[in-house]
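Single-structure report; data block below.
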Amino acid sequence: MVYKKGFDLIKAYPTEFSEDIVSVRYSGRTEDFSFSFPEKKVEHIVINLCPTEPWALPHWAILKDNTTNFLHRLEKVRAEYFPDSRCCIVVEHREDDLINDLIRFGKKHEWLHTYSMKPVYPYDAPVLILKNVLGLKITFGENPIEHGVLLLEAQSITGIYEHYILKRENEVRLVSISGTGLNENRILKIRPGTPIETVLKKYIRIDIKYRVFINGPLNGTEVEDLTQAIDWSVKSIVVMEERDYKTPFHYIRAKELRFTTSLMGELRQCVYCNFCDDICPVDLEPALYWHCYSRSEKQKARIYALDKCIECGLCSFVCPSKLELLQVIKECKSASK
Ligand code: SF4
Ligand code: SF4
């Protein structure tokens, strides 16, 4: 298998969601929506409707088959809070109907632009999307607002519109749940503040061991404590069955989500296959970080352009030796601060 700067995860791991969106009931304390309006002037707003991960919330759930309604909300939010900004919506290149709707709207509203791209992971990461859409170079972790750019999540448009303009309460957030540890994949309406265990209890498979990840298994966060509440940053939850046997060359088995790593004792030596070099979207050689780490020379990793790493996790994902490269990269970054 040849990897070329990124990976089409959606093609490799197609994930279907039922079109019915289900509300999760919870009577405990919940969290109101809030948005930190930037103090700096916003010159550009970029909204991504082209997720590159199969477990991400699909855009049709956000648009609810009513693009015009979404655009009118955006228009009102922009007029109220970011009046001089240009706005770019990023969409998947095969979404002809959506692209046509956006172009039609953009003809009457010169502030709106449409950018289409292939849904290859991780080209919706801030560093890459801003470089491609605006030609803007930011470093990983830098807030684009320093350059007058607001990267706005599509659901935040609805949040700002409902909370600040309509002054509604009891807002909900859409969250996708998927993975081999569930009976079915779903899109749920959740009031932030709801514990993850309440969200998952109807869907999780019984009698299996599983791992739970917020915002994706590649570079999201693993949840240890399921009483933890959903907050306004949660977009997806992935639950993966944790098997107790080894899966050699997991990455060529494209039918299932198999992102389990050295937890099952599969850690081996680097075999110099170069898969990690080939897939890295920012042209790094992740194995070099591993070698620095394994020689206890974490500080030396910075020699190899460590700062350019956008922490997408693809190198860990493809490594046949199951080396935790992303974890190693994070440790090398902290060691050389
Ligand atoms: S985590 Fe960093 S080094 Fe690894 S593939 Fe992504 S950008 Fe490259
Ligand atoms: S770190 Fe993993 S993917 Fe990279 S060269 Fe070594 S074995 Fe291959």
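The values are calculated or read from the model by the stated rules, or taken from the named source; none is laboratory data. A quick note: this is a predicted structure, and the numbers were derived from the prediction, not measured. A quick note on method: Cβ atoms are made from the backbone with ideal geometry, for glycine too, and the neighbour counts reach across all protein chains shown.
For this structure, a couple of remarks:
- Considering residues of segment 214-239 that are within 19 Å of the chain's Cα centre (by Cα), charged (D, E, K, R) and assigned to a loop (DSSP other than H, G, I, E, B) only, the residue surrounded by the fewest Cβ atoms within 10 Å (Cβ to Cβ): Asp231
- Every residue from segment 88-119 that is charged (D, E, K, R) and assigned to a helix (DSSP H, G or I): Asp96, Asp97, Asp101, Arg104, Lys107, Lys108
- Glu162 being at pLDDT below 95, surrounded by fewer than 21 Cβ atoms within 10 Å (Cβ to Cβ) and touching a Lys or Arg at 6+ places or on another chain (Cβ under 6 Å): yes
- Segment 296-307, residues that are more than 14 Å from Phe140 (Cβ to Cβ) and more than 14 Å from ligand 2 (Cβ to nearest atom): Ser296, Glu297, Lys298, Gln299, Lys300, Ile303
- Being assigned to a loop (DSSP other than H, G, I, E, B), at pLDDT 95 or above, within 19 Å of Tyr26 (Cα to Cα) and within 20 Å of the chain's Cα centre (by Cα) is a condition met by no residue of segment 133-146.
- In segment 239-277, the residues that are at pLDDT below 90 and on the phi > 0 side of the Ramachandran plot: Phe249, Gly265
- Candidate set: segment 308-337, residues that are of a type in the set (D, E, K, R), touching a residue at least 60 places away in the same chain (Cβ under 8 Å) and under 18 Å from Gly220 (Cβ atoms); chosen: the one nearest to ligand 1 (Cβ to nearest atom): Glu311
- Restricting segment 128-159 to residues that are over 30 Å from Ser18 (Cβ atoms) and among the charged types (D, E, K, R), the residue that is surrounded by the most Cβ atoms within 10 Å (Cβ to Cβ): Lys131
- Ser236, sole failed condition from (1) away from ligand 1 (no atom under 16 Å from the Cβ); (2) modelled with pLDDT under 90: (2)
- Candidates in segment 291-307 are the residues that are near ligand 1 (Cβ under 10 Å from one of its atoms) and in a helix (DSSP H, G or I); of these, the one that is nearest to Lys333 (Cα to Cα) is Leu306.
- Residues in segment 308-337 that are of a type outside the set (A, V, I, L, M, F, W, C), in a helix (DSSP H, G or I) and within 11 Å of ligand 2 (Cβ to nearest atom): Ser316 alone.
- Some residue of segment 36-43 being modelled with pLDDT of 95 or more, outside any loop (DSSP other than H, G, I, E, B) and in the same structural domain as Asn143 (by TED's automatic domain parsing): no
- Pairs with Cβ under 7 Å, 6+ apart, first in segment 1-26 and over 13 Å from Ala56 (Cα atoms) and of a type in the set (A, V, I, L, M, F, W, C), second in a loop (DSSP other than H, G, I, E, B) and modelled with pLDDT under 90: Ala12/Ala254
- A count restricted to segment 199-213 and to residues that are crowded, with 19+ Cβ neighbours inside 10 Å and within 19 Å of Ser23 (Cα to Cα) stands at 3.
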